[in-house]
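To start, the structure itself, in structure tokens.
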Amino acid sequence: MNNISTEKKSQVWYIDFMVGIMIFIMVILIYYQYYGNLVDESEAEWQEIIIDSKSISTSLISAGYPADWTNDTVEILGLTDGNYRINSTKWLQLKNMTYAQSRDVLKTRFDFYLFLQADNGTVLDSAGLNATDPNFLVQTTRFVIYNSSVHRMVLHIWKA
């Protein structure tokens, strides 16, 4: 008959155990250090997009500089007469710009989409790129007068 021993023998290797614990702790610390940096970067990105959105929308409801700008002379892009009334000539000038030109004039590194919206949600006119899958999308809405009616001027800015 086989004699089965019920005694258990084992050895504890304290050095192996301590090395394992140290490696585990180092991995946890590295993970949280990396994760913390990601959170800081995304928060900074959000803040930059929000600041750009506010700045651009404020510029767009102004008359711009010079007040009677053309695509060749524009320094600050403004679409109104200074009293929240959309100037159709300036709007047409914006639509005739290339996307790269309009981004340069708006002084932003982010993508944008600008549109005029009626009360019922219908888009009356637009300029820029329509976002398909944006990261960090910020929407800014201003009320303007377009064709003798109050409409929303909506600006979307996002990270490409």
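Observations on the structure shown:
Residues checked against (1) under 19 Å from Phe136 (Cα atoms); (2) at pLDDT 95 or above; (3) not polar (S, T, N, Q):
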site	(1), (2), (3)
Glu45	yes, no, yes
Glu48	yes, no, yes
Ala63	no, no, yes
Asp68	no, no, yes
Leu77	no, no, yes
Tyr84	no, no, yes
Thr98	no, no, no
Lys107	yes, no, yes
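- Residue within segment 111-130 that is within 21 Å of Ile50 (Cβ to Cβ) and among the hydroxyl-bearing types (Ser, Thr, Tyr) present: yes
- Any hit, segment 17-40, residues being among the charged types (D, E, K, R) and at pLDDT below 90: yes
- Residue check, Phe115 surrounded by 12 or more Cβ atoms within 10 Å (Cβ to Cβ), under 26 Å from the mean Cα position of the chain (by Cα), within 21 Å of Asn135 (Cβ to Cβ) and without any contact (Cβ under 8 Å) to a residue 60 or more places away in the chain: yes
- Members of segment 118-160 that are over 25 Å from Gly82 (Cα atoms), touching a residue at least 12 places away in the same chain (Cβ under 8 Å), in a loop (DSSP other than H, G, I, E, B) and not hydrophobic (A, V, I, L, M, F, W, C): Asn130, Pro134
- Every pair of residues 6+ apart whose Cβ atoms lie under 8 Å, when the first sits in segment 82-100 and is at negative phi while the second is surrounded by 12 or more Cβ atoms within 10 Å (Cβ to Cβ) and assigned to a helix (DSSP H, G or I): Leu94/Ser102; Met97/Val105
- Within segment 68-82, considering residues that are surrounded by 16 or more Cβ atoms within 10 Å (Cβ to Cβ) and over 24 Å from the mean Cα position of the chain (by Cα), the one nearest to Val105 (Cα to Cα): Val74
- Taken as a whole, the condition of being in contact (Cβ under 8 Å) with a residue 60 or more places away in the chain and on the phi < 0 side of the Ramachandran plot applies to Ile49.
- Residue check for Thr122: surrounded by fewer than 16 Cβ atoms within 10 Å (Cβ to Cβ), out of contact with any helix residue (DSSP H, G or I) (no Cβ under 8 Å at 6 or more places or on another chain), over 16 Å from Met153 (Cβ atoms) and among the β-branched types (Val, Ile, Thr): no
The values are calculated or read from the model by the stated rules, or taken from the named source; none is laboratory data. This is a predicted model, so every value here is computed, not measured. We place every Cβ from the backbone using ideal geometry, glycine too, and count neighbours over all the protein chains shown.
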